[in-house]
Each structure stands twice: as C-alpha cells, then as structure tokens.
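The values are calculated or read from the model by the stated rules, or taken from the named source; none is laboratory data. What you see is a predicted model, and the numbers here were worked out from it, not measured in a lab. Counting neighbours? That spans all protein chains shown, and the Cβs are built from the backbone with ideal geometry, glycine included.
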C-alpha cells in the first residue's frame, strides 16, 4: 500500500470555514482550496498505509477521553519572521487543543512525532505569499470573531493532487459542555467592511 500523508485537525464549521477559506484564496494563497479551514492537532505526517487501522483505533481512544469544549477565534497573529504565516487566533479552547494534540502524538501511540516548532493552536489564513498580501490578511481579519462548540476532530489524507480529504470524524466521548467563563455566546463571524 505504500505511504500516505495524514493530518489530524479540528474543522472550523460552517459558515466560518468556507468564509475563511475564501478569504485565504482572496489573499492569493494558491493552497487555500486544497486545505479545509482547520486547527491542526497533527501536522502533515507520512505513515505506512498499513498503519491506518492502528492510527484510527488510537484516535478513537483519544476522542473517547475528550469532551466538547467552547472554541472561539478572535483577531489575527503571525509567525513571521520565523515562518511565513498569518493566522486567526484561538482565544478560547487553546488549552483543550494543546491537550488533544499531545494525546494524538503520544510517544506510545502509532503517530508519535516531534514538532518542528512549539505547538500553538491557530487557523492559517495566509501562508508563503508576498509580504504585502500577508500584511493585508493580517489587517483585514484583525476584527474577525467566530465561536462554536467543538465536539470532535477528524483524520485527513493528502491526495497526490495536494488536496486534503477527510477520512473519518472522531466525536468526543461525552455530550456535556464545560462551563463558559468568557460570558460570550456563539455567534456568526464578524468581518470588517472591505
């Protein structure tokens, strides 16, 4: 079966996901339409195709130990100059994302790996494009807001065409939401006028 490139992430739900994907494409990021809008838990990782069954079993176990949590995005950030990325910030749910990605990459599991950079949950909106377009993405999404209840994550595979496709969803093991401490409610995205 050879090797496959997989990733594990939390999908940004609609209407937020499509909106941010369209904005990313509008900034000139050629990869935008091949990458569903997401928060990474496991970055692109090459594995043997024969390991997928064990990986799915591992992810089922991780999901069974998780519980739904509040996720909120607000404003922009950047990894420049270290990495050519502009992102929307995760301002609520970051601790839960950090816990999840550690479980996914657990040293005793089938996808144990070290990260190139310290883990920082975020939603990429521009990557590897001209600096002026990166600046535009940073400025135009500075007031962006979105919130939802995160109820699980998914396993994706990158095709030979470079497009990421969902293989399977993994729902958390309980249906109770943690108490919200921010006092904010879930609402649609808020974007500045163009």
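A few points about this structure:
A quick yes/no check of all residues on (1) modelled with pLDDT under 95; (2) more than 12 Å from residue 73 (Cα to Cα); (3) in contact with a strand residue (DSSP E or B) (Cβ under 8 Å, 6 or more places away or on another chain):
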| position | (1), (2), (3) |
| --- | --- |
| 138 | no, yes, yes |
| 155 | no, yes, yes |
| 162 | yes, yes, no |
| 165 | no, yes, yes |
| 169 | no, yes, yes |
| 179 | yes, yes, no |
| 183 | yes, yes, no |
| 187 | yes, no, yes |
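- Output for the stretch 89-119, where each listed residue is over 24 Å from residue 60 (Cβ atoms), surrounded by 14 or more Cβ atoms within 10 Å (Cβ to Cβ) and modelled with pLDDT under 95: none
- Any hit, the stretch 23-36, residues being touching a residue at least 60 places away in the same chain (Cβ under 8 Å), touching a helix residue (DSSP H, G or I) at 6+ places or on another chain (Cβ under 9 Å), under 22 Å from residue 151 (Cβ atoms) and not in a loop (DSSP other than H, G, I, E, B): no
- Checked against the criterion of being in contact with a strand residue (DSSP E or B) (Cβ under 9 Å, 6 or more places away or on another chain), assigned to a strand (DSSP E or B) and either surrounded by 17 or more Cβ atoms within 10 Å (Cβ to Cβ) or at pLDDT 95 or above (or both), the candidates 73, 52, 59 yield just one match: 73.
- Qualifying residue in the stretch 37-45 (condition: under 20 Å from residue 161 (Cα atoms), surrounded by 19 or more Cβ atoms within 10 Å (Cβ to Cβ) and free of Cβ contacts under 8 Å to residues at least 24 places away in the same chain): no
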